[in-house]
Structure formats: structure tokens, C-alpha cells
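Values quoted throughout were computed directly from the atomic coordinates according to the rules given, and no laboratory measurement underlies them. Bear in mind the structure is a predicted one, so any value in this text is a computation, not a measurement. Note: ideal-geometry Cβ built from the backbone for every residue, glycine included; neighbour counts use all protein chains shown.
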Amino acid sequence: MAELNLTEAFLNPWLRDFPKLFMPPIMSPLSGAMAAADSIKVDIREQPEMYLLEAEMSGVKKDTLKVSVDGSRITIEGDIRNGAALPKEERLICGERHVGHVQRMLDLDVALDASRSTAHYEDGLLTVLLYKQSASGATTISVN
């Protein structure tokens, strides 16, 4: 007959999940930087001289988009504003769309050349070409 270890049965699941109490739900696989569950979703492809980053930014207004490069770190942020407040006679039955500020920071393997990098935003997709090269200081990339 197997012996029941109460410590293992009750404490291990709690101890295993204990660190999650102090951090957002998802860790970024590229940098270990913490990101919220509703964070910006990205695909990054590496080419010999650059990275190609595509980010889902549905609902983000182009004039609120900001892409910054500092060394090997890229920061993407913007604001989502989905409509106006409800009229007094209406009530919200289901509200699943995110409203507010979104941000994602990613650390890549090499320093980036912000002066050569470009960003383009169309139909909710942000495409950023990040050229590899040593760069100094934070730089903002204009979004076309």
C-alpha cells in the first residue's frame, strides 16, 4: 500500500505556484520580461542583417503607437480606445475587449541600429525592421 504524504499532497502545489502570486501571468520567452496575458502578440524572424518583427496591435490608434530601441531592447506601446461610454439607457452585457494602454518590451541577442530601423502600421499589424548594429542611447522610431 502506498504511503500518503500530506505535505507533498497539500503543500507542493501551493509552493509550486507561489512565485506566480508576485508576477503577471505570462513570461516572455525571448527576454524573460514579464508581460500581461492580454499583451501584444509578436512574431520575430531573424535574418542575417536584421530582425523582422510583426506585432498584432488590433484596436490601437496609429497616433498613439510608439516604438523605441535602446541597445538590444525594443519597446512597443500604444493605447486602445474602443468606442465611447454607453448611453444611460444601455447596459453592457459582455465586455471582453481590452481598453487602455498596452506595452511589450523584448530583449534581442544583439544591439540594434535604430537609425536604420523602420516601422509600418496597417490594418492592426505593426511591422518593424530592426537592423543589427551597435547603438547607444534610447531612440524612437517613427511609425508610417
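Could you state the principal axis extents of the C-alpha atoms in the range 62-128, from the largest down, to the nearest angstrom?
If we take the Cα atoms of the range 62-128, the spans are 54, 20, 14 Å.
Cβ under 14 Å from SER142's Cβ, SER142 left aside: what net charge do those residues give with Lys, Arg +1 and Asp, Glu -1?
Net charge around SER142: +2.
Ranking request for peptides 97-110, 51-64: highest mean number of other beta-carbon atoms within 10 Å first, then the rest in descending order.
The densest-packed peptide leads the list: 51-64, 97-110.
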